[in-house]
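The values are calculated or read from the model by the stated rules, or taken from the named source; none is laboratory data. These numbers come from a predicted model, not from an experiment. Positions of Cβ are backbone-derived with ideal geometry, glycine not excepted, and every protein chain shown enters the neighbour counts.
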Amino acid sequence: MSEKSAKSPLLKKKAALRPVTKKNLVTYLMVIVFFALFQTLSATGNLKFAYKSLLVPICTSVIMAVSLNLVVGVLGELSLGHAGFMCVGAYVGSFFSVLTEDIITVTWIRFTLAFIFAAVAASIAGVIIGVPVLRLKGDYLAIVTLAFGEIIKSLVNVLYIGKDSNGFHIAMDSAKLNMELDGMVIVKGPQGINGTPKDSTFFIGFILVMLTIFIVTNIMDSRTGRAIMSVRDNRIAAESVGINITKYKLIVFTISAAIAGCAGVLYSHNLTTLSANTNNFGYNMSIMILVYVVLGGLGNIRGSVIAAAVLYSLPELLRGFSKYRMLIYAIVLIVMMIVNNGSYFVKLKEKYSYKFYKKINSKKNGKEAV
Amino acid sequence: MAMLEVKNLGIKFGGLHAVEDFNLELEKGALYGLIGPNGAGKTTIFNLLTGVYKPTSGQFFLDGKELTGKKPADINKAGIARTFQNIRLFSNLTVFDNVKVGLHNQIKYSTTAAVFRLPAYFKSERLMNEKAHELLKVFELDDSADTLASNLPYGKQRKLEIARAIATNPKLLLLDEPAAGMNPNETKELMDTIKFIRDKFQLTILVIEHDMNLVSGICENITVLNFGTELAKGKTEEVLKNPEVIKAYLGK
């Protein structure tokens, strides 16, 4: 079948920098510029403390939004329990850090290990929720994931873990811990975990954002990604060309959960006290992330990054409007929704991106580019 | 031994026998037709042979291997590919990527290789691109490779579905009304394409069609179905002259 190996124009174009690759490069560049700008501003002392303290949480929400986009936008399943995975990661990461703070004194080793443990724990949670959920579709899947998020939040609220000379004690009630006198309670039910080392920095957040974008976009532009998108576009046709739907759904849930777990570590190491409530690990958070994903565009990674960064910082930036703050926030959401999907803006975007890619193309390979 | 062997295949939906006692033997390289009035069970047979429905009775074998009750993906891996009556493309993917999804089980590399862009990724992707391009060329779709599948004109969408099915490297290809909605010229072109791909890719083809020009033009043998049962079977010219068939389906 391969008698003809002379390069056709199509193959040549594929061999050059492809539109997908270019699109991703723009996304990376955008994140780098954002990081460089704010890092310089805060290093030179030109950033108010209130804004400075937003930088790490912005990274957290960007990571959450990009990883949720893998489930909602690329796989096409509505998941409302994404904050649950973040919660698992946050608790495992914090627990590990508090436990080993005196044993592993090199911060970056301890922090890296915390990320690894949290990612593994969250991905296990992803598999556990993934297996039963994969039998469901649409609304039912959304409801089960919502319940999962709430279960995780409620569980950690009654969880007590202590350590003494006899080893670990786990209980659902502080009285039942049976600790020795020298023991230390690490996870204290509703009071959560105290004294997590404050290891998260904007730089680490930036690295994680880049890694997340790298992983998600690389998956999207590969055999795995095409299989996932084919399941989204047409389940029956995907099966008919030999794609194992269960396998790819499980892969998506696992990877997305692992990334959310890392976001949780970043989040928890930015606070001194970690406790689970509706606003950080409950459905409020899950819905907020979903809003970022939907407004940024389903399956659009760059959109998720922008929407998460802008919408997360907006309430803080609007503080000057005092009590009208949430009103303005809501109006911004509505306007974004209308403008983003308005025919004029869509045309403008297409025209702009088309021109932009054309320019890069003609620079790279002379005049033959389309 | 025949390549495809179907023995007494049947399916009941509640009390309704959608297909009953369907028998078929296809030799390698055959071009076989399946015709009949609407609701006769033609597409149901395709759905049975591709695992979309599980048969309630009977068995079928490909190259002596039993495939009854297997999952659609496994049946495709075993060598049966199909197209759909109502076109089912991956509408948000490009034409090129649609074919590459078809190559999913032909050229493999792991998700790890994809994430970390290991050499296996580049090597396999290059191979995939070459193969997909070759296939698109056969179907004269290479000009629209970067178009979204949903933006293709109707005739080309039909062709793309066939290209995607062939990308899975099947032994047996099931075409469900490939000429539906085509004008006589396009149908003529399609007939040539079907014959051409059978020879080029050494396929065995089973086709459902209402267009009698296409059926008499390319099918060597046909089965006529009516109400889920076999009405007639044999050489195309002879079956089409059968008075029963004329009465039930063709009309005067």
message: Looking only at helices (runs of 4 or more DSSP H) that lie completely in the stretch A:228-307, which have at least 1 residues being crowded, with 19+ Cβ neighbours inside 10 Å and among the aliphatic types (A, V, I, L, M)?
response: A:235-240, A:245-268, A:283-296
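In this structure, is A:Asp182 away from chain B (no Cβ under 14 Å), over 22 Å from B:Ala113 (Cα atoms) and not β-branched (Val, Ile, Thr)?
When the stated conditions are applied, A:Asp182 passes them.
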task: Inspect the stretch A:167-189 for any residue being in contact (Cβ under 8 Å) with a residue 60 or more places away in the chain, small (Gly, Ala, Ser) and out of contact with any Lys or Arg (no Cβ under 9 Å at 6 or more places or on another chain) and give the result as yes or no.
output: no
task: For residues that are of a type in the set (S, T, N, Q), within 7 Å of another protein chain (Cβ to nearest Cβ) and under 23 Å from A:Met210 (Cβ atoms), tally how many sit in the stretch B:109-134.
output: 1
statement: Inside the stretch A:188-227, the number of residues satisfying the requirement of being among the charged types (D, E, K, R), in a helix (DSSP H, G or I) and touching a strand residue (DSSP E or B) at 6+ places or on another chain (Cβ under 8 Å) is 0
query: So, of the residues in the stretch B:86-103 that are more than 18 Å from B:Pro170 (Cβ to Cβ) and more than 7 Å from chain A (Cβ to nearest Cβ), which turns out to be surrounded by the fewest Cβ atoms within 10 Å (Cβ to Cβ)?
result: B:Asn86
message: Restricting to the stretch B:175-186, and then to whatever is of a type outside the set (A, V, I, L, M, F, W, C) and not in a loop (DSSP other than H, G, I, E, B), can you tell me which residue is surrounded by the most Cβ atoms within 10 Å (Cβ to Cβ)?
response: B:Asp176
field: Pair list, Cβ under 8 Å, 6 or more apart: the stretch B:149-174 residue more than 10 Å from chain A (Cβ to nearest Cβ) and part of a loop (DSSP other than H, G, I, E, B), other residue of a type in the set (S, T, N, Q) and surrounded by fewer than 24 Cβ atoms within 10 Å (Cβ to Cβ)
entry: B:Leu152/B:Ser144; B:Lys171/B:Thr204
- prompt: Within the stretch B:69-85, can you find the residues that are part of a loop (DSSP other than H, G, I, E, B) and within 21 Å of B:Ala30 (Cβ to Cβ)?
  reply: B:Gly79, B:Thr83
- request: Please find, within the stretch B:40-69, the residue that is nearest to the other protein chains (Cβ to nearest Cβ) out of those that are small (Gly, Ala, Ser) and without any contact (Cβ under 8 Å) to a residue 60 or more places away in the chain.
  value: B:Gly51
- request: Name the one entry in B:Asp74, B:Asp63 that is at pLDDT 95 or above, assigned by TED's automatic domain parsing to the domain that holds B:Asn221 and more than 28 Å from B:Pro153 (Cα to Cα).
  value: B:Asp74
query: Checking A:Arg235 against (1) of a type outside the set (Ser, Thr, Tyr); (2) within 13 Å of another protein chain (Cβ to nearest Cβ); (3) over 13 Å from B:Ala73 (Cα atoms), which single condition isn't satisfied?
result: (3)
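Residue-by-condition table, conditions (1) acidic (Asp, Glu); (2) in a helix (DSSP H, G or I):
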site: B:Ile205; (1), (2): no, no
site: B:Leu214; (1), (2): no, yes
site: B:Ile222; (1), (2): no, no
site: B:Leu225; (1), (2): no, no
site: B:Ala232; (1), (2): no, no
site: B:Glu237; (1), (2): yes, yes
site: B:Leu240; (1), (2): no, yes
site: B:Val245; (1), (2): no, yes
site: B:Ala248; (1), (2): no, yes
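Residue by residue, here is whether (1) hydrophobic (A, V, I, L, M, F, W, C); (2) in a helix (DSSP H, G or I) holds:
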site	(1), (2)
A:Gly89	no, yes
A:Ala122	yes, yes
A:Val127	yes, yes
A:Pro132	no, yes
A:Leu141	yes, yes
A:Lys153	no, yes
A:Ile161	yes, no
A:Ala175	yes, yes
A:Glu180	no, no
